[in-house]
1. Top mean-square fluctuation among SER258, SER226, SER85, Gaussian network model of the chain, C-alpha springs under 10 Å?
2. How big is Rg to Rh over segment 66-196, alpha-carbon atoms, Rh as the Kirkwood inverse-mean-distance radius?
3. First measure r as the distance between the Cβ atoms of SER164 and SER112, then evaluate 1/(1 + (r/R0)^6) with R0 = 25 Å and state the FRET efficiency to the nearest 0.05.
4. Select one label from (i) 126; (ii) 346; (iii) 170: the one whose number is volume of the Cα convex hull per residue in Å³ as derived from the coordinates shown.
5. For segment 222-300, take the convex hull of the Cα atoms, compute a quarter of its surface area, and give me that in nm², please.
6. With equal scatterers on the alpha carbons only and no solvent term, can you work out the Debye log10 of I(q)/I(0) for segment 151-221 at 0.12, 0.26 1/Å?
7. Which of GLU173, GLU90, GLU155 ends up with the largest GNM mean-square fluctuation for the chain, with Cα atoms connected below 10 Å?
8. Residue by residue through segment 39-53, which ³J(HN,Hα) values in whole Hz follow from phi under the Karplus form 6.51 cos²θ - 1.76 cosθ + 1.60 (θ = phi - 60°), with glycine and proline marked x?
Amino acid sequence: MQRRDFLRNMGIAAGSVGIYQNSYSIPAFSGGRAQKLRFGMISDLHHLQFGREEVQRLSGFMDDVAETKPDFIIQCGDFCRHTRSEGIMEQWNRFTGPKYHVLGNHDMDYCSKETIMQFWGMPRRYYSFDQGGFHFVVMDRNFLKEDDGRLTHYESSNWGKLPSPKRSFTDQEQLDWLRSDLAGAKFPVIVFMHQPVYLSDFHDELGNADEILKIFDDVNFRAVKSNSPVKVAAVFMGHDHDDRYGQRNGVHYFIVNSATYVYTKNGAYYYKDPLYAFVTLETTGKMTIEGRSTIYAPAAPDPVTSQFPTRISNHQIKF
């Protein structure tokens, strides 16, 4: 991330390493036997950002994955470059189960989408899959809106050439696919994307988020009218290096904190330990998030620690 202001209203950062856990109500799916699925999630690792190696940080996540044995793992963008990242991929591939990628803007700092996707072994830039009684959707929000209105792919840091209101767009082909995919879904839906469509303070860098939100709204409105459990249940987003939760039209939205650092107008402040989360989904209508917390190392100034939490937090929310 190359931008950050202090329009924040968050709690004081945690003072020690810990695990947070909270449960959320999601649509119950009564078809078939009750199922439970667990996945590991990490976002915004930023390997080699500012020249820093992050193999050890990813190793901390993968050690926990090896112990926890989730059904799959996913990274939500800004993961690594296509060169000098062999150690990252070696760690990532320690997990022999399903592994999924989301494209982030910094993943195309030095290459095209096709190049980083090939390096990761990512077959498609947007896609969906069913597992454990849920339908999962991965989106690509990495398009620029040129001055003539055309949308062009992010590549080789070209996203920095245009002002914020022209960034973080989603192409029409993908929007059409999203409508069709959700219309055909058979299970409650969980969505992953890098750039937020909701909760972000960066209101001028949301691209065509309103079109995506309308698709989610329409799906859930039709589901309510037909008394169907096939709704968009939750959306996980990265990019902002923050820890946020909100609900909109029946959808739980989460901004997932960076595994590595927060960026402010005074530069980057790094976390001592990696941040990540494990999410458990139950078809009986329950979602549990177990996040990690840490401290800044070296210590950050009070204005930073008071506004930017070093955690994926425990929300006390009941429905």
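The values are calculated or read from the model by the stated rules, or taken from the named source; none is laboratory data. On a predicted model such as this, the values are computed, not experimentally measured, just so you know. Cβ coordinates were reconstructed from backbone atoms using ideal geometry, including for glycine residues, and neighbour counts include every protein chain displayed. All accessible areas refer to the heavy atoms of the entire protein, side chains included, with ligands and DNA or RNA removed. Shrake-Rupley method; radii C 1.70, N 1.55, O 1.52, S 1.80 Å.
1. SER226
2. Rg/Rh for segment 66-196 comes to 0.99.
3. 0.65
4. The value computed from this structure is option (i).
5. 6.5 nm²
6. Ignoring solvent entirely, the Cα scatterers give -0.37, -1.31.
7. Comparing GLU173, GLU90, GLU155 in the GNM, the peak value goes to GLU173.
8. Coupling constants for segment 39-53: 10, x, 9, 9, 9, 6, 5, 6, 4, 6, 5, 6, x, 8, 6 Hz.
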